[in-house]
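I have placed the structure first, in the form of structure tokens, so that the comments after it can refer back to it.
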2 protein chains.
Amino acid sequence: MLLHFKNRFPQLAPYWDKYVQFQKRTAVPAKTVLLHEGKVSGNYIFVEKGCIRAALNTNGTDKTMQFFFENEGLTSLESFIKNAPSVFTIETIEPSVIYLLPKVHVKALIAELIHEPEFFKLMLSVFAERQIHYMNEFASFIRDTPEQRYLNLLANSPHIIKRVPQHYIASYVGITTVHLSRIKSKIARGNSHF
Amino acid sequence: MLLHFKNRFPQLAPYWDKYVQFQKRTAVPAKTVLLHEGKVSGNYIFVEKGCIRAALNTNGTDKTMQFFFENEGLTSLESFIKNAPSVFTIETIEPSVIYLLPKVHVKALIAELIHEPEFFKLMLSVFAERQIHYMNEFASFIRDTPEQRYLNLLANSPHIIKRVPQHYIASYVGITTVHLSRIKSKIARGNSHF
DNA sequence: TTAATTCGGTAACATATGTTATCGCGGACC
DNA sequence: GGTCCGCGATAACATATGTTACCGAATTAA
């Protein structure tokens, strides 16, 4: 993970190098839970290979919120920052290779980098991107019908649809697997709105 | 607006003072558009008095995304940072008194403050809060039924329901005004799920 | 003040989506 | 090879939500 940042931000190389030793590389099978909903997040997670999802559990039904693939990093921000119980579960979809960087070291890294304007800009842009991402997801739910959300996904992130089992996609667009099947067959029959 | 920050972060007082002169205080009537969807945001907006909403327009139907009240600040982040067209409109609900701080000065302020660790922490926490907010809204749409969303609003933000016209609330929870009326009368009859 | 407009409630009907159940395919495991 | 199980399709029915239309109260404009 830190190597990934190092490639993107070589100016800060000495900092990354110093913390490389603390991250743990692990290979895990599919359906491995990396963080349980309700537990406090202890690590920043980086995906080297494989595929991970964040999921909510409501009255026994599992709903997928987000997907992560190679070269993406994630954590439960609220849990990480505030030591609050995570609202979602983090789980592998495929057998994956991940890096874990414990929270203490992330905090130490940030404390060291707090004087570096380059790092400041990096953090702000990362945070801004995430905020914009979630805001757009939120806006999409207010604005779009589930069918439209599926079509958007098909248009903007076809790799997700190709790679991820369909029942995860269904809850992600806000519907049941049955209804997603209906939508797909409707599209296949050429009866979509487009 | 800057006075607001000055009260909360007196350590940075000299910076706030310097920029106070650039902000413009304005009183505007209800239903005044402060930023049109599709336009680039030019100001950071701070609400001294009144009430503002962010809204999306889809095929002629107006949908409310968020409400802002006294002592809250807002802008279209994507538009502000990337000079991208704003995805939403910003409009007053009530007659309001607002402060506008032009983008150039906000950027200059950030550029000056970039070396202040206190400011760094402030910015990160502001950004983190916003991200958590939008993420929770997003999660709520995946997890909850519209009726549940209305009940959540009633429990967590009753001031919004008391203060804002109901048709804005309806689109905010993701339904039509007709259906919101149904839900309300159902609750009044004591038939809600709780 | 009256007149106009906005806002919220309700009904009847149309459509979208959920629920439950069944089937079939294909991979995992022995 | 066979058996089990995860996954996706489909049907029939139930429920949730949208659409249109109408009414009356409340607010605003003249």
Check your understanding: Shortest first and in nm to one decimal, what separations exist between A:Arg25 and its copies in the other chains, measuring from label points 7 Å along the Cα-to-beta-carbon line?
Key -> 6.1
Check your understanding: Shortest first, in nm, what separates the label point of A:Glu112 from those of the same position in the other copies (7 Å along Cα→Cβ)?
Key -> 3.2
Exercise for review: Mark the label point 7 Å from the Cα of B:Phe22 along Cα→Cβ and return the residues of segment B:100-126 whose backbone N is within less than 15 Å of it.
Suggested key: B:100-114
Study note, to complete from the structure: Label points for A:Arg8 built 7 Å along Cα→Cβ; distances to same position in the other copies, nm, shortest first, come to 2.7
Exercise for review: Of the options A:Val173, A:Phe127, A:Cys51, report the single residue whose Cα projects farthest towards the positive end of the charge dipole of the protein assembly as shown (beta-carbon charges: Lys, Arg +1; Asp, Glu -1).
Suggested key: A:Val173
Practice item. Using all C-alpha to C-alpha distances in chain A, build P(r) with 10 Å bins and read off the rounded percent in each one. Key: 8, 31, 34, 19, 7, 1
Study note, to complete from the structure: Rg/Rh over Cα atoms for segment A:131-183, Kirkwood Rh, comes to 0.95
Review point. What's the center-to-center distance, using Cα atoms, between segment B:152-192 and segment A:33-112 in Å?
Key: 34 Å
Practice item. Write down the radius of gyration of segment A:1-56 and its Dmax, each obtained from C-alpha positions, in Å. Key: 13.8, 38
Practice item. Identify all aspartates and glutamates with a Cα-Cα distance to B:Lys184 below 15 Å; exclude those on the same chain that are fewer than 8 residues away in sequence. Key: B:Glu147
Check your understanding: Do the alpha carbons of any pairs in A:Lys103/B:Lys121; A:Lys49/A:Lys162; B:Lys24/B:Lys103; A:Lys24/A:Lys82; B:Lys49/B:Lys82; B:Lys39/B:Lys103 sit beyond 20 Å of each other, and which pairs?
Key -> A:Lys24/A:Lys82; B:Lys49/B:Lys82
**Study point:** Dipole moment magnitude, nearest 20 debye, chain A about Cα centre, only Lys, Arg, Asp, Glu C-beta charged
**Key:** 440 debye
Check your understanding: Where does the Debye-calculated log10 I(q)/I(0) of the protein assembly as shown sit at q = 0.08, 0.11 Å⁻¹, using only Cα point scatterers of equal weight, no solvent?
Key -> -0.48, -0.93
Point to revise | Contour minus Cα-Cα distance for A:Lys39 and A:Gln11 (0.36 nm per residue) | key: 6.5 nm
Review point. Using the beta-carbon distance between A:Asp62 and B:Asn136 and R0 = 22 Å, what value does 1/(1 + (r/R0)^6) give for FRET efficiency, to the nearest 0.05?
Key: 0.75
Practice item. Mind putting a number on the dipole of segment A:2-114 about its Cα centre? Charges go on the C-beta only, +1 for Lys and Arg and -1 for Asp and Glu, and I need it in Debye to the nearest 20. Key: 220 debye
Check your understanding: Net charge near A:Ile45, counting Lys/Arg +1 and Asp/Glu -1 over other residues with Cβ under 14 Å of its Cβ?
Key -> +2
Check your understanding: Rounded to a whole number, what is D in µm²/s for segment A:35-116 from Stokes-Einstein with the Kirkwood radius over alpha-carbon pairs (4 °C, 1.567 mPa s)?
Key -> 97 µm²/s
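Every number here is computed from the coordinates shown, using simple stated rules; none is lab data. None of the values given here were measured: they were computed from a predicted structure. All Cβ positions, glycine included, derive from the backbone under ideal geometry; neighbour counts span all protein chains shown.
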